[in-house]
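The values are calculated or read from the model by the stated rules, or taken from the named source; none is laboratory data. Please read all numbers here as calculations on a predicted model, not as lab measurements. Backbone-built Cβ (ideal geometry, glycine too); neighbour counts: all protein chains shown. For accessibility, only protein heavy atoms count, side chains too; no ligands or nucleic acids. Shrake-Rupley method; radii C 1.70, N 1.55, O 1.52, S 1.80 Å.
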Amino acid sequence: MDKDYHKTEHEEAYESNFMEETAAEVAVPVTARGNYAERNHLEAQREEGNEGRGYGRLALILSILSLFFLPVLLGAAGVILGFIARRRGANSTGAWAIGIGIVSIVIGTFILPFF
């Protein structure tokens, strides 16, 4: 069963004339790509900083108002806007709004029904 496989002239001509198309990936080097992404991220944060502060102030106002009336509704709105503000760059204001909103929801749900 051992037969030596010999290529015919037709097969050899086909292989020698065969043109295979190859391609190489062209991508930005990792270090340059990282610097570019970091610059874009920092520029986006600067642009969104003012917008984040506005969301943070609104969230804080809603959370404080929720301490006095509509604690669950305004507290939830304050918490949600607090998360949005933190994502957009207003970390401290957003965190305060989240904290006050959660406290207001807990007080409104568990303590106020007894009074």
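Rolling a 1.4 Å probe over the protein heavy atoms of segment 63-115, with every protein chain left in place, gives an accessible area that is 78 percent carbon and sulfur.
Length gained on full extension, Leu112 to Ser92: 4.4 nm, using 0.36 nm per residue less the C-alpha separation. The loop-placed chymotrypsin sites (Phe, Trp or Tyr not before Pro) in segment 49-107, going by DSSP, that have at most 10 neighbouring Cβ atoms within 10 Å of their Cβ come out as Phe68, Phe69.
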